[in-house]
1. Roughly how many nanometres apart are two label points built 7 Å out from the Cα toward the Cβ at TYR96 and GLN452?
2. For the stretch 57-103, rounded, prolate or oblate, judged on the Cα gyration tensor with a ≥ b ≥ c (square roots of eigenvalues), a/c < 1.5 rounded, else prolate if a/b > b/c?
3. I want the local charge near LEU211. Using Cβ-Cβ distances under 12 Å, sum +1 for each Lys or Arg and -1 for each Asp or Glu among the other residues.
4. Cα gyration tensor of the stretch 173-286, axes a ≥ b ≥ c as square roots of the eigenvalues: rounded (a/c below 1.5), prolate (a/b > b/c) or oblate?
5. Report the net charge of residues surrounding ARG334, where surrounding means a beta-carbon distance below 9 angstrom and charges are Lys +1, Arg +1, Asp -1, Glu -1.
6. What GluC sites (Glu not before Pro) in the stretch 227-308 are in a loop by DSSP, with at most 16 other Cβ atoms within 10 Å of the Cβ?
7. For the stretch 368-428, what class follows from the C-alpha gyration tensor (a ≥ b ≥ c being the square roots of its eigenvalues): rounded when a/c is under 1.5, otherwise prolate if a/b is larger than b/c, else oblate?
8. Roughly how many Å² is the accessible area per residue of the stretch 58-131, as a whole number, for a 1.4 Å probe?
Amino acid sequence: MAAVSVKCPFLWMLLWLCVRLCETKKTRVSMDDDVLLPYAHGHGPSHSHRHVRDCQPVIHGNVTHEVWPSSHRGGPAAAESSVFVSDVPGSSRWVYGHMTVVHDPLRTVSVLEPSGPGGCDLHQRATVEETAKAAGCLYAQNAGFFNTHTHKCLGNVVSDGRRVQDSGGLQNAQFGIRRDGSLVFGYLSQEDVLDQSNPFVQLVSGVVWLLRNGEVYINQSMTAECDKTQETGIFRTFVDVVSARTAVGHDAEGKLILVQIDGQTGKRGMSLWEMAEFLKQYGVINAINLDGGGSSTYVTDGSLASYPSDHCESDSRWRCSRRVSTILCVHRPRCQPANCSGHGDCVDGRCQCQDGWQGPACDSLVCQPAACGPHGVCTPNGCVCDAGWRGKNCSQECLPGFFGDGCKQDCTCANGGSCDHIHGRCTCPPGFHGDTCEQACPLGFFGPSCAQECHCDDLCPCDPQTGSCNATQRGESNSTLHRAGHCLAKQMFTSWRRDEEAHREQPHLTERTWLAITCTLASLLAVSLLVHLLWACRGSAADMPARRDYTYVPLNDINGAPSGGDAQTYTKGGFGLDDLDSDDEL
């Protein structure tokens, strides 16, 4: 080895570097000595979103965040990364850093948990290299803050459409990408974070909104984010001190801009004021500040590309990357979500949507629910109209004579009746009723569909159309009334007779019995008369020869009183008065 070193000192230096690299690989642990924290205790302000809304400039109204459509321009590369060395205006300092321009943020940018899914729940920390290498990131930089004691991820975290944690409405600056690809920067209410109409697919919390609509917004951010309970002035120091910085923003075309600057707190790097001016100079519209100091790290293809400010535990002459929480990962195009919401196929990182669906995630119907109005439902095949409605946007009623789904069913109503375009029911004109309006109103009813009852004197029928009691019925109705009158009169007479018979005093013997008795008595009388006649005739014939002598009876003796002298009786044959015949015989 000595001979080699004498002849070739360069080999000695190469051997020494290899030994040092082997040693540091085993002991590459950061001392976490360059800590740049915005808050002395906890994380975030204690006031509500309402305070943030009320204290912002009037020009912004009630809107506390900015939304910008992202670029969807694909290309041979997902992003372009540049290394820059720049002077800091107004000072003699120079800074070294990386800038990455992402062309299609929705499909190529992800917020990742430390060491992968579940890292925040386990309160894990991992270097940006470890997380980026496992996820296949082309470029990556640190993102959200973490608790230096418990290692808990701080703020809101949404990773590839999965809500990892919710800050509970903590008012720190936020960066997110919604499902439709729109980029969101600023302060969000709890409702904004949980909104599912267009949910976040990526979301991470920073501290301080650097640029808002192309203008420096640090003073307003300090008002919105500084916790009033702080008395140490640590938040102001966090803003003013020069240090390593990390930020995310976007340009006018909707391309995402990732920026990382090397430095060391109090010695090298940039303050947030200088960072904001630097980003503004490069055309950034909206930007927020992410975790900085010893956490500021940039990785390319899984390898460290920045110069960390934390010293290594094994040797303070070396610099080691810090274990951090979430990272921003730029990867090859992916479909978001991977199954294209179940309505398409992922081809080269883009969702090819099925018929009836659209959008980068194939999650939006082509017709859109609002386009179908209150009488239709949006489906992949367009608007499906409710029964009785038709048209592209279901705004037209069925034509006369049709009803039902799609207005395809025929409806026929007689006598000028109208058809209900929804259910096909007939609305009959005055004087008619029935399913098809073919039946005239029954007596005693009138009006549309014969729904009204007549109120005429003596229960007389009325006009079936107008309800007038002074009406002449049609021929058929008159005939019906005539027959009904006869029938009713006959029924009334029969009923009267029945009632009379029921209430009349019934005799002891019926007419038939009396007739029989009368006939019997008449017969007996006739027989008796006949017998007497026969008897009288036979008696006269027998006595006629013997009664040829006459008896003289004086008139004075007829009453039984003699006229004065002795009565002389003249008899013939020696008989007295007592022997005379009866008066009848006389």
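1. Placing both labels 7 Å along Cα→Cβ, they lie 9.9 nm apart.
2. Values: a/c = 5.25, a/b = 1.15, b/c = 4.57.
Here the stretch 57-103 falls in the oblate category.
3. Numbers: positive: ARG212, LYS280; negative: GLU66, GLU215, ASP251, GLU277.
Spelling it out: positives minus negatives among the neighbours equals -2.
4. On the way: a/c = 2.17, a/b = 1.34, b/c = 1.61.
Oblate.
5. Working: positive: ARG107, ARG332; negative: ASP160.
Summing Lys/Arg as +1 and Asp/Glu as -1 gives +1.
6. On the way: sites: GLU231, GLU253, GLU274, GLU277; in loops: GLU231, GLU253.
Answer in residue order: GLU231, GLU253.
7. Values: a/c = 3.57, a/b = 2.95, b/c = 1.21.
It comes out prolate by the Cα gyration axes.
8. On the way: 3550 Å² over 74 residues.
On a per-residue basis, 48 Å².
The values are calculated or read from the model by the stated rules, or taken from the named source; none is laboratory data. These figures come from a predicted structure and were not determined experimentally. Please note: Cβ atoms are built from the backbone with ideal geometry, for glycine as well, and neighbour counts cover all protein chains shown. Surface accessibility is based on the protein's heavy atoms, side chains included, excluding ligands, DNA and RNA. Shrake-Rupley method; radii C 1.70, N 1.55, O 1.52, S 1.80 Å.
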